[in-house]
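Taking it in order: structure first as C-alpha cells, then the write-up.
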Amino acid sequence: MSMIRRVPWVIKYRPRRINDVVNQEEAKRKLLAWIKSWPNVKKKAALLWGPPGSGKTSLVEAIAKELKYELIEMNASDFRRASDIERIAITAARRTSIFGARSKIILLDEVDGLQGRADLGGLEAIVKLIEISRHPVIMTANDPWDPKLRPLRNIAEFIEFKKLRESDVVKVLKRICSAENLVCEEDALRFIAQRSEGDLRSAINDLEAIAEGVGKVSLNIAKTILRPRDREHNPFETLRAIFSSKYAWQAKLAASQSQLDYDQLIEWLNENVPYYITDYEELWRAYEALSRASVYRGRIIKSGNWDLLSYVMDLATAGVALSQKVPRYKWARLKFPEKIKRMAETKEVRELREEIAGLIARHIHTSRRLVKSDVLPFLRVIFENNPRYAAKIALGLNMTDKMIQYLAGSKYNEVSKYVKYFSEMTKKTVETKLIQKEPSKKTPKAKKKTKKEPESSLLSYMKK
Amino acid sequence: MSVSEAFAEILWAEKYRPKSLKEIVNQEEIVRRLQRFVEEKNMPHLLFAGPPGTGKTTAALALAHDLYGEDWRRYVLELNASDERGIDVIRTKVKEFARSRVPGIIPFKIILLDEADNMTPDAQQALRRLMEMYVETTRFILVANYPSKIIEPIQSRCAVFRFIPLRREDVISRLKWIANNEKVEYEEEALEVIYELSEGDMRRAINILQAAAALGKVTISTVYKVVGLAHPKEVREMIQLALRGKFIESREKLRKLMIEYGLSGVDVVKQIHREIFSADLKIPEELRVLIADYAGEIQYRLVEGADDEIQLNAFLARLALLGKKFIGA
C-alpha cells in the first residue's frame with residue numbers, strides 16, 4: 001500500500017469548492033462580494049486575517065477554482081527577492097493573461113511573515129504592487145494588529161477568519177477517515193481536534209501521522225504518538241529524534257514537530273550525518289537518501305509541482321533514519337550547518353568574484369560561469385607569479401583594487417606597486433606626447449623625471 | 001591606437017580574436033556561407049552549434065563586424081542564457097533593443113544569444129515567440145554546445161551551422177603566431193602539449209599559453225606547471241582522504257574548493273573525473289570505473305537541480321565505502 005503515490009493529506013483534502021471551507025460564512029460572504037464587484041471597490045486589496053489553519057488560503061484557492069480565476073501565489077519568503085516581486089508585479093500589471101482571457105487573483109501568503117529590517121523593502125514592494133495591479137490582490141496574515149502591517153490599513157479590506165471550533169475540526173477529520181477507509185475512534189478525533197486548538201492543518205497532519213504509522217486511529221495511540229504540542233522541537237532535538245527512529249513514521253513525525261522547515265532540515269542533516277553515522281555503508285546510504293531528497297527538491301523548483309514535497313520529506317527523514325541497520329541512541333556533538341554559516345561570511349567574496357567574472361565575461365564575450373571555471377584559474381596563476389605582467393592586465397581590464405587583491409592574494413602589494421607605476425608612466429607618456437606636438441616648447445622634462453621601475457628583485461618573479 | 005597600450009595588457013583570447021570573417025582560417029565552409037550573407041546584406045536566424053572554443057562566438061562577432069562595419073557594437077545585443085535570470089529578463093532586453101533604430105543599409109539588428117542550450121524547453125518556447133515577434137527588425141544568432149538540446153521549432157527556424165573541433169595544426173600555428181607576435185620564447189613540443197591539454201578548445205589553449213608565458217619561456221614544464229597550478233590540488237587530496245575513509249576531512253576540502261575557488265558542483269565533478277584516470281592517483285583499475293560511474297550519476301543529479309554540496313557529500317561517502325572494499329582503509 002505504501003508503494004502508492006502519497007500526497008500529504010493537507011494537500012489531498014484541500015477544499016475544492018467554496019462550500020467545503022468550514023464555518024467561515026461571514027468571511028466567505030464578505031470576500032465573495034468584494035471580489036465580484038472588483039475593481040469597483042473601495043479598497044483594491046483584501047487582507048484575510050485569523051489564526052493558522054482556519055482556512056484563509058484554502059478559501060482563496062477554492063474561490064479561484066470555482067469562479068475560474070488563475071491563481072498566482074507568492075509566499076512571504078519570496079518577498080525578499082526583488083526579482084520575484086518584479087516578476088509578479090509585471091504579471092499583475094498586465095491586463096489579460098497569456099492563457100486567454102481568464103482574470104487572475106494574486107495571493108500573497110503570510111505577509112506578516114516579513115521580518116524586521118531585512119525585509120523592509122518587502123512591504124513597500126507590496127504596497128506598490130497593489131497600486132499598479134489590474135487584478136485583485138489578496139493577502140493573508142495571522143495578526144492584523146502587527147504594526148508592520150500598518151501601511152496596508154488604508155488600501156486593504158480587512159476580513160476576519162474565526163478560530164475553528166473543536167466540532168468543526170472533528171467534522172473534517174471524520175470526512176477524511178471515511179474517505180481513507182480508516183477505523184477512527186470518535187474520542188481520538190476529539191483528542192486530536194482539541195490539541196490542534198482550532199488549527200485544522202495541524203489536526204490533519206496529526207491524523208495522517210497516526211494513521212500512517214499504525215493503520216487505525218484510537219485514543220490510546222493518539223495519546224502515545226502525539227506528544228503535547230507545547231513547543232516545537234529545536235534542531236538538536238529534531239536530529240536526535242530522527243537518528244534514533246526505529247520506524248519510518250517516527251522519523252517523519254520528528255520532522256513535522258520541528259522548528260526547521262524542510263530546506264533547513266536537509267541542511268542540518270547534511271552537516272550532521274557523519275557525526276552520527278560512522279559505518280561506511282550506512283554513511284553512504286544516509287547520504288544517498290539525502291541526495292535523492294535533494295533531487296526531488298530540485299524537481300519541485302523546476303516543475304513547480306509541490307506534490308513532490310512529500311518524497312523530499314520521506315527520503316530526508318525516514319530515508320536517513322533507516323540507513324542505519326540498527327537505530328543508534330548514541331550521543332554526538334551536533335553542529336550548526338557550516339554551509340549556512342559560511343554563506344553569510346563569504347557573501348562579500350562571492351559577490352566580488354561574480355563582479356570579476358562579469359567584467360571578464362563581457363570582455364571575452366562569454367558567460368560568468370565559464371569565466372569562473374576556465375579563465376579565473378589561469379588569471380590567478382599570472383597574478384600570483386608575475387606581478388608586473390599582472391599589473392598590466394589589471395590596467396587593461398580596468399580592475400578595481402579589490403579585484404586585484406582577490407586575484408593576487410599574498411602578492412597584492414607587489415602587483416599594486418606596478419599598477420601605480422604603470423599608470424603614472426601612462427600619464428607621463430601622454431604629457432610627453434602633448435609636449436612633443438608643440439615644437440615651440442623646450443625639450444620635454446618629463447623624461448628625466450621618469451620614475452625608475454620598482455626594485456629589480458620583483459622582476460625576478462618573471463623568471464620563476 | 002591608445003597611448004597606454006604598452007603599459008596595459010588584455011587577455012590574449014580576446015586580443016587575438018579574428019575581427020573579420022576573412023581572418024578566420026579554419027571552418028572554411030562556414031565562413032564561405034556567412035560571407036554570402038554579408039554580400040546579400042541579409043540573413044536568416046542562425047544556430048551555431050559545436051564544442052567550446054571552436055569559433056562560434058568569434059564567427060558571430062566577425063559576421064556582425066563585416067555587416068555593419070567598425071560601428072557594429074551598436075547593432076548587436078549580446079546575451080548569455082546562463083547568466084540572465086530567466087526568460088523574463090531576456091524578453092525585456094530583447095523588447096527594448098528591438099525598439100531602437102535599425103542601421104541604414106541593413107534592415108535588421110542582431111541578437112547574439114550564447115549558451116542557448118542552457119535554457120529550459122519552456123524558456124525556449126518563449127524565445128521562439130520572441131524570434132517571430134521581432135523578425136522584421138532583428139535576427140537571432142543562437143550559440144550552443146549541444147544542438148540536440150535546442151527544441152525542434154527553433155531549429156527549424158534557423159540555418160544551422162555545425163562547428164567542428166579545430167585541427168591540431170590550426171591550433172598550433174595560431175599559438176605560434178601569437179607567441180611570435182608577443183615575442184615569447186617557446187619550445188615547439190610545449191605547444192603540442194598545450195593542444196593536448198586543451199582538447200581542441202582554442203580559448204583554453206590561448207589561456208594556457210598566456211599564463212605559461214607569464215612564468216617565462218614556454219616549455220613543457222612551464223605548461224604543466226601552469227595547468228597544475230590552475231587545477232586546485234585539493235581535488236586529488238579530497239579523493240584520497242575519502243578513499244582512506246576520512247570523510248569529514250575530505251568534506252572540508254570539498255568546501256574549500258566550492259567556497260574559496262568558487263567552483264560549482266558540476267565543475268568539481270568534472271575535475272574529479274579528470275583525476276580518477278590520472279596515473280598519479282594509484283588505485284585499482286576496476287575502482288576507476290566504479291568511481292566514474294557514480295560521478296556520472298552525481299553529475300546527472302546536479303543537472304536535475306539538486307544541491308551541490310549534498311550530492312558531492314554522497315559522492316565522498318561512496319568513495320569511503322569503495323575505499324574500504326578495495327583498498328581496505
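Coordinate-derived values only; no laboratory data. Quick caveat, the model's predicted, so the values are computed rather than measured. Because the Cβ atoms are built from the backbone with ideal geometry, glycine has one as well, and the counts that use them run over all protein chains shown.
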At 0.890 mPa s and 25 °C, Stokes diffusion of chain B via Kirkwood alpha-carbon radius, µm² per second: 109 µm²/s
Relative counts (whole %) of C-alpha pair distances in the range A:242-334, using bins that are 10 Å wide: 18, 53, 25, 4
For the pair residue A:73/residue A:402, report the inter-label distance in nm, with labels modelled 7 Å from Cα in the Cβ direction. 3.9 nm
For the pair residue B:220 and residue B:185, what calculated FRET efficiency results from E = 1/(1 + (r/R0)^6), where r is the Cβ-Cβ distance and R0 = 22 Å, to the nearest 0.05? 0.95
Each residue of the range A:24-35 in order: what ³J(HN,Hα) in whole Hz does its phi give by Karplus 6.51 cos²θ - 1.76 cosθ + 1.60, θ = phi - 60°, with x for Gly and Pro? 10, 4, 5, 5, 4, 4, 4, 5, 5, 4, 5, 6
Which log10 I(q)/I(0) values, to two decimals, does the range A:347-436 give at q = 0.20 Å⁻¹ under the Debye formula with one point per Cα? -0.90
³J(HN,Hα) across the range A:307-318 via Karplus (A = 6.51, B = -1.76, C = 1.60, θ = phi - 60°), whole Hz, x for Gly/Pro? 4, 5, 4, 5, 6, 4, 5, 4, 6, 5, 9, 5
Residue separation times 0.36 nm, minus the C-alpha to C-alpha distance between residue A:326 and residue A:354: what's the value? 5.5 nm
So the pair-distance distribution of the range B:247-322, from every Cα-Cα distance in 10 Å bins, comes to percents of 19, 55, 25, 1
What does a probe at residue B:25 reach in the range B:150-164, counting residues whose amide N is under 19 Å from the point 7 Å along Cα→Cβ? B:164
Sites matching chymotrypsin sites (Phe, Trp or Tyr not before Pro) across the range B:250-312 that sit in DSSP coil, with at most 15 neighbouring C-beta atoms within 10 Å: B:277
Quick one: if the Förster radius is 22 Å, what FRET efficiency do residue A:306 and residue B:146 give, using the C-beta to C-beta distance and rounding to 0.05? 0.15
Charge sum, other residues only, whose C-beta stays under 12 Å from residue B:249's C-beta, Lys/Arg counted +1 and Asp/Glu -1: +3
Would you mind putting A:38-46, A:286-294, A:364-372 in packing order, based on average other-beta-carbon counts within 10 Å, highest first? A:286-294, A:364-372, A:38-46
Label point distance in nm, residue B:256-residue A:42, each placed 7 Å from Cα along Cα→Cβ: 6.7 nm
Which whole-number percentage describes the relative contact order of chain B, with Cα contacts under 8 Å and a sequence gap of 6 or more? 16 percent
Write down, largest first, the equivalent ellipsoid semi-axes of the protein assembly as shown in whole Å, where each equals the square root of 5 times an eigenvalue of the alpha-carbon gyration tensor. 55, 36, 25
Using only the Cα atoms of the range B:178-281, what semi-axes does the equivalent ellipsoid have when each is the square root of 5 times a gyration tensor eigenvalue? Give whole Å, largest first. 31, 13, 12
Give me the distance in nm between label points sitting 7 Å out from Cα along the Cα-to-Cβ direction at residue A:178 and residue A:236, one decimal. 4.8 nm
When a/c reaches 1.5 or more, the comparison of a/b and b/c decides; with that in mind, is the range B:59-133 rounded, prolate or oblate per its Cα gyration tensor? prolate
Largest first and in whole Å, give the semi-axes of the range A:290-400's equivalent ellipsoid, each being the square root of 5 times a Cα gyration tensor eigenvalue. 43, 20, 12
Burial-style ranking of B:41-50, A:389-398, average other-beta-carbon count within 10 Å with highest first, yields A:389-398, B:41-50
When the range A:166-225 is reduced to its Cα atoms, the Kirkwood hydrodynamic radius in Å: 10.8 Å
Quickly rank A:195-201, B:311-317 as a protection proxy: mean count of other C-beta atoms within 10 Å, highest first. B:311-317, A:195-201
In deg cm²/dmol and to the nearest 500, what is the mean residue ellipticity at 222 nm of the protein assembly as shown if only DSSP H runs of at least 4 residues count, each as -39500 (n - 2.57), divided by the residue total? -17000 deg cm²/dmol
Show the residues, 5+ positions off or on another chain, whose built amide H is closer than 5 Å to the amide H of residue A:104. A:70
